[in-house]
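What follows is a single structure, written as structure tokens, with notes after it.
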Amino acid sequence: MTETNIIQLQGIEKRFGKFVAVSDLSLDLREGEFFSLLGPSGCGKTTALRMIAGFQEPTEGKVLIDGQDMEGMPANKRPTNMVFQSYAIFPHLNVGNNVAYGLRNRGISKSEIDTRVKEALEMVELGGLEARGANELSGGQRQRVALARALVMRPKVLLLDEPLSALDKKLREQMQFEMRHLQQSLGITFVMVTHDQYEAMTMSDRIGVMFDGRLVQVDTPQTLYAKPGSREVASFIGEMNFLPAEVTAETGDTFSISTPGFGAMKIEANPNVARHGRHISVGIRPEQLEIARHKPDGYDGTVQGVVRDVAFYGENVHYHVGVEGLDKPIAASVPNYFHTVDHAPGDKVWLGVQAASVIDLGEDKQTS
Amino acid sequence: MDDRPLSYPLEGTRAWGKSLAGLRSEKAKGLALSAPATVYVGFLVAAPLVILVAYSLWTQTYVSIDRTLTLANYREALTDPLVRHLMIRSILIAAAVTLATVALAYPIAYFIALKAQRKTLWLLLITIPFWSSYLLRVFAWKLILGFNGVMNSALLGVGLISDPLTFLLYNEFSVVLTLAHAWAPFAILPIYVSLQKIDPSLLEAANDLGSGKVQQFLRVTLPLTIPGIIAACLIIFIPTVGDYVTPSLVGGSDGKMIANLIQVQFGAANNWPLGATLSLLAMMSVGFVAILFVLSATGLGRRIR
Ligand SMILES: Nc1ncnc2c1ncn2[C@@H]1O[C@H](COP(=O)(O)OP(=O)(O)OP(=O)(O)O)[C@@H](O)[C@H]1O
Ligand SMILES: [Mg+2]
């Protein structure tokens, strides 16, 4: 596979007065990938995207698209197109003219415009809706028009700013799959901004996690989930139980730890965390824990506790289990196999975990 | 104890509220709620209009009014070349005033809505001319444009001209200039509102889809402000056709308009029936031109893609 970097961000920084919205962002995006910028509200995702689109110039650093420096290049000359969070459908134009808007800037013949608009609308399953007014569309249809309007331009990179956040849950999930399929069949690079971790994980090839204007980790969804680079990332993506641990022995890529409760275990070092001290923090995903009435066999670590809360989610059941020696209860999530909730608050239960599921999160900054 | 006198007014309101709530359709409710305004407008607009129509069908005979119904006034007005001339000139002057005002107002509104930092301050500044009376402003223009006025003195002083300019005052030009200045805020405000309502991401989307600044303006900003432009045009055009203060003060004989003729009929000429006829004809012409304008402007707006 030959991989070319369609977009290169080289140490870009954006300041608004004294406020630093994006700092020292370096990132290479591969041709044809679906990349998501994920982070909490206000972390600078939109600002980063707008610097690629050309609506904002970086204070420092360079944006390269297809190897070409974009400095001073206005948005209308860049080979990118954007799907806006508000969709920005032109209210004075009907669907067909909205989609044709960009093509008309290019001096393309009328007949070609018509066929391309038709194709684009069929692609987003809005075929035949050309004459519909912009104000006569549902939220989902507006989203599709915005998508068609950008894709009809055949951009090298499609930029999407929280494209699904205005839709309800069902429609959002459906659009996640549709957009993913569209991206794969067109082979266009998609860069999506979102604060929804599930959206980022289900759609993306790679995810960049941002906090406070900094890009803290870039990885595939699986790696981000299994080997987060920090406590911050670990708690932002999915749920995580954090435990303090002490390193007792270190041998190459594995080391022995002892944790309150689960006791001694031998775990794998996480290459994404920078440095290990003696006191580290480890993480366990709730779904990696076994919960049972009797001490379960075949687990590397087990601990006894008392059920505090039970939450029934339908597809699975969450238990919060208080364990002696830990200030926070441990969350365990069990698939709802037999439509039964096996434990009630106050029950004495055992928790079991495999060493492979215990994630090394590096130095514990909140050492007690 | 008898508490009936106390309960009377309450019962009355309750009954009124009940009958309002009890009105079946939205339409009936709407009618009930707009009734006071309808009565008010009826007295102040419809009644005078009826009187005007009645007068236009009567005739003046030296001292008294002949009340036999006739279309003679209309025949006279429609065949008199002076009337036609003044009517056309009034509409043309009003059109020129409208054009000049909107052309001046648009950039100002654009600046305030999209570029200025202190919008409220700017809007306040725009209304400053209103702080003095309209008549004073017209006289001020007279002082500026007159034979010995500010403009001529300045130009003479600088040495650009050797004799005072005479084309500045007492013609169509001075009427247009004075009215354009007087109407400016009325044009700025509706255009400002329509510009203010434009979602900035629409402009960015246009830019993103390949439009430069000019295309972005012509294909997105302008069509979205057409309602504001139409409102501004109507607000200015309609009263301008019937204006008579400005033409009589700064218009001279070249700047006279239809309203000046109407005023003469009700005053010096003492021919109320003809005055009423001219008023109605002026109203109809204005209405006709305004409708034509609204239709063509919206139609043009729709063609922008
Ligand atoms: N034009 C601007 N002037 C000043 N500050 C700005 C400007 N644009 C953004 N900011 C600030 O920069 C920070 C990042 O903004 P940005 O819009 O990139 O956030 P975001 O990550 O997209 O958040 P959200 O998920 O809420 O959309 C915010 O604190 C915001 O207040
Ligand atoms: Mg944002």
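The values are calculated or read from the model by the stated rules, or taken from the named source; none is laboratory data. From a predicted model like this one, the values you see are computed outputs, not experimental measurements. FYI the Cβ positions are ideal-geometry reconstructions off the backbone, even for glycines, and counts take in every protein chain you see. Accessible surface is based on the protein model in full, side chains and every heavy atom, while ligands, DNA and RNA are left aside. Shrake-Rupley method; radii C 1.70, N 1.55, O 1.52, S 1.80 Å.
Which residue out of A:E125, A:E173, A:E162 is away from ligand 2 (no atom under 16 Å from the Cβ), under 24 Å from A:T223 (Cα atoms) and among the acidic types (D, E)?
Values: A:E125 fails: under 24 Å from A:T223 (Cα atoms); A:E162 fails: away from ligand 2 (no atom under 16 Å from the Cβ).
Only one candidate qualifies: A:E173.
Out of A:R180, A:R149, report the one residue that is more than 16 Å from ligand 2 (Cβ to nearest atom) and either out of contact with any strand residue (DSSP E or B) (no Cβ under 9 Å at 6 or more places or on another chain) or within 21 Å of A:S36 (Cβ to Cβ) (or both). Reasoning before the result, please.
On the way: A:R149 fails: either out of contact with any strand residue (DSSP E or B) (no Cβ under 9 Å at 6 or more places or on another chain) or within 21 Å of A:S36 (Cβ to Cβ) (or both).
Checking each option against the conditions leaves just A:R180.
For region B:247-266, what are the residues that are at pLDDT below 90, in a helix (DSSP H, G or I) and crowded, with 22+ Cβ neighbours inside 10 Å?
We begin by selecting, within region B:247-266, every residue at pLDDT below 90; these are B:247-257.
Next, from what is left, pick out any that are in a helix (DSSP H, G or I): B:247-250.
Selection gives B:P247, B:V250.
When you look at A:P163, is it within 16 Å of ligand 1 (Cβ to nearest atom), touching a residue at least 24 places away in the same chain (Cβ under 8 Å) and either surrounded by 17 or more Cβ atoms within 10 Å (Cβ to Cβ) or in a strand (DSSP E or B) (or both), yes or no? It would help to see each step written out before you state the result.
Details: within 16 Å of ligand 1 (Cβ to nearest atom): yes; touching a residue at least 24 places away in the same chain (Cβ under 8 Å): yes; either surrounded by 17 or more Cβ atoms within 10 Å (Cβ to Cβ) or in a strand (DSSP E or B) (or both): yes.
So A:P163 passes the test.
For A:F338, all conditions in the list (1) closer than 17 Å to A:T259 by Cβ; (2) at pLDDT below 90; (3) among the aromatic types (F, W, Y) hold save one; what is the number of the exception?
A:F338 satisfies every listed condition except (1).
Tell me the helices (runs of 4 or more DSSP H) entirely within region B:102-181 that contain at least 1 residues that are of a type in the set (A, V, I, L, M, F, W, C) and within 30 Å of B:S201 (Cβ to Cβ). Even if it seems obvious, please write down each step before you answer.
Values: elements: B:119-126, B:134-145, B:150-158.
In region B:102-181, B:119-126 are the helices (runs of 4 or more DSSP H) which contain 1 or more residues that are of a type in the set (A, V, I, L, M, F, W, C) and within 30 Å of B:S201 (Cβ to Cβ).
Test A:T46 against the stated conditions and say whether it is within 14 Å of chain B (Cβ to nearest Cβ), within 16 Å of ligand 1 (Cβ to nearest atom), in contact with a strand residue (DSSP E or B) (Cβ under 8 Å, 6 or more places away or on another chain) and closer than 20 Å to A:R206 by Cα. Steps first, answer last, please.
Details: within 14 Å of chain B (Cβ to nearest Cβ): yes; within 16 Å of ligand 1 (Cβ to nearest atom): yes; in contact with a strand residue (DSSP E or B) (Cβ under 8 Å, 6 or more places away or on another chain): yes; closer than 20 Å to A:R206 by Cα: yes.
When the stated conditions are applied, A:T46 passes them.
Select, from A:G102, A:G107, the only residue that is farther than 19 Å from A:Q183 by Cα, within 12 Å of chain B (Cβ to nearest Cβ) and either polar (S, T, N, Q) or surrounded by fewer than 18 Cβ atoms within 10 Å (Cβ to Cβ) (or both). Spell out how you get there, then give the answer.
Details: A:G102 fails: either polar (S, T, N, Q) or surrounded by fewer than 18 Cβ atoms within 10 Å (Cβ to Cβ) (or both).
From the options A:G102, A:G107, the qualifying one is A:G107.
Could you pull out every one of the strands (runs of 3 or more DSSP E) wholly within region A:1-119 that has 3 or more residues that are at pLDDT 95 or above, touching a helix residue (DSSP H, G or I) at 6+ places or on another chain (Cβ under 8 Å) and within 26 Å of A:G140 (Cβ to Cβ)?
A:34-38, A:80-83
Anything in region A:34-57 that is surrounded by fewer than 16 Cβ atoms within 10 Å (Cβ to Cβ) and at negative phi? List them, or say none. Give the derivation first.
Step one: list which residues in region A:34-57 are surrounded by fewer than 16 Cβ atoms within 10 Å (Cβ to Cβ), which gives A:40-42, A:57.
Within region A:34-57, A:P40, A:S41, A:E57 qualify.
Has region A:9-19 got any residue that is away from every other protein chain (no Cβ under 14 Å), within 16 Å of ligand 2 (Cβ to nearest atom) and either of a type outside the set (D, E, K, R) or open to solvent by less than 10 Å² (accessible area, probe 1.4 Å) (or both)?
There is at least one residue in region A:9-19 that is away from every other protein chain (no Cβ under 14 Å), within 16 Å of ligand 2 (Cβ to nearest atom) and either of a type outside the set (D, E, K, R) or open to solvent by less than 10 Å² (accessible area, probe 1.4 Å) (or both).
Of all the residues that make up region A:64-94, how many are in contact (Cβ under 8 Å) with a residue 24 or more places away in the chain, closer than 23 Å to A:R149 by Cβ and away from ligand 2 (no atom under 16 Å from the Cβ)?
Residues meeting the conditions: 13.
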